[in-house]
Amino acid sequence: MSVTSIILQALYYFLPAYIANMAPVLFKNVPFLVMPIWEKKLGKNKTWRGVAAAVLCGIVVFWLQKIAYTAGFTALAIIDYADFSILLGFLLGFGAIIGDAVKSYYKRKAGIEPGERWLGFDQLDFVVGGLIFSFLLYVPPIEVVVVLFLATPFLHIATNHLGYWLGLRKVRF
C-alpha cells in the first residue's frame, strides 16, 4: 500500500471528527442551544449548540460514508462501514468536541484567553478526543494514527485560514 493511499484512507476515516470539529463555527449563527456549557471553566464560546452540531455532523458524515461504502465506494475505506453502526460516527464527533472542551479547560487554567493560540494543543485536541472515544468500537492501524497526528496540524491551520477568509472566523490561526 502506498503512502498516499494510507494518508487518504486515514483522512477519510477521520472525516466525521474533522467535520464535527468545524461544526461549531459552521453553525454559529443558528439560534438554538446558545448557552455556554460551563462558562467559568470553558469560556463563553463552548456552547451546547456546538456540542449538538458536532455530534450531529459526526453521525451524518459517518452515515454518508456508510451509504457510499454500500454503493461500492470502498477505495478509501479502512473499515467495512456496513459492519459498523452510526455509533462510530457519534463517538468520533462527540470525542472531537470533548477533546476540544478538555483543551479549553486547561487553556483557561493556564490563563490563555479564548481565541489565543496554544500551539499543538489547538491543532490536536480533537484528534486525541476523537480517537479515544472511537477506540471503544474500533482501533485503527498505528499508521493511521500517525498520519492523523502528523497531517492534522497542517489541515487545521489551512482550514482556519480558509474560515477567516470566508468570514467565519475572527482570527486567522
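What do you reckon, is E39 farther than 23 Å from T159 by Cα and acidic (D, E)?
Working: farther than 23 Å from T159 by Cα: yes; acidic (D, E): yes.
Considered against the rule, which asks whether it is farther than 23 Å from T159 by Cα and acidic (D, E), E39 comes out as yes.
Give the residues of the stretch 51-104 that are among the polar types (S, T, N, Q), within 18 Å of the chain's Cα centre (by Cα) and more than 16 Å from Y18 (Cα to Cα), sorted by residue number. Give the steps one after another, and end with the answer.
Filtering the stretch 51-104 for residues among the polar types (S, T, N, Q) gives 65, 70, 74, 85, 104.
Cutting the leftovers down to within 18 Å of the chain's Cα centre (by Cα) gives us 65, 104.
Correct list: S104 only.
Considering only the stretch 109-130, state which residues are in a loop (DSSP other than H, G, I, E, B) and of a type in the set (A, V, I, L, M, F, W, C).
Passing the criteria: A110, I112, W118, L119.
Tell me yes or no: at least one residue of the stretch 99-108 is assigned to a helix (DSSP H, G or I), among the β-branched types (V, I, T), in contact with an Asp or Glu (Cβ under 8 Å, 6 or more places away or on another chain) and free of Cβ contacts under 8 Å to residues at least 40 places away in the same chain. Even if it seems obvious, please write down each step before you answer.
To start, the set of residues in the stretch 99-108 that are assigned to a helix (DSSP H, G or I) comprises 99-108.
Pick out the ones that are also among the β-branched types (V, I, T) and you get 102.
Now narrow it down to the ones that are in contact with an Asp or Glu (Cβ under 8 Å, 6 or more places away or on another chain): 102.
Filter once more, so that each one left must be free of Cβ contacts under 8 Å to residues at least 40 places away in the same chain: 102.
Looking through the stretch 99-108, at least one residue is assigned to a helix (DSSP H, G or I), among the β-branched types (V, I, T), in contact with an Asp or Glu (Cβ under 8 Å, 6 or more places away or on another chain) and free of Cβ contacts under 8 Å to residues at least 40 places away in the same chain.
Name, by its number, the condition in (1) farther than 30 Å from N45 by Cα; (2) touching a residue at least 24 places away in the same chain (Cβ under 8 Å) that does not hold for G72.
(2)
Could you list all residues from the stretch 133-173 that are surrounded by 14 or more Cβ atoms within 10 Å (Cβ to Cβ), among the charged types (D, E, K, R) and either at pLDDT below 95 or outside any helix (DSSP H, G or I) (or both)?
Across the stretch 133-173, the qualifying residue is only R169.
Among the residues of the stretch 116-128, are any in contact (Cβ under 8 Å) with a residue 60 or more places away in the chain, closer than 24 Å to Y12 by Cβ and crowded, with 18+ Cβ neighbours inside 10 Å?
yes
Residues that are surrounded by 16 or more Cβ atoms within 10 Å (Cβ to Cβ) and of a type in the set (A, V, I, L, M, F, W, C), at least 3 per element: which helices (runs of 4 or more DSSP H) completely within the stretch 1-84 meet that?
3-13, 15-26, 48-70
Between K66, K40, which is free of Cβ contacts under 8 Å to residues at least 60 places away in the same chain and farther than 22 Å from D100 by Cα?
Sole residue among the options that is free of Cβ contacts under 8 Å to residues at least 60 places away in the same chain and farther than 22 Å from D100 by Cα: K66.
The values are calculated or read from the model by the stated rules, or taken from the named source; none is laboratory data. This is a predicted model, so every value here is computed, not measured. As a convention, Cβ positions derive from the backbone with ideal geometry for all residues, glycine included, and neighbour counts pool all protein chains shown.
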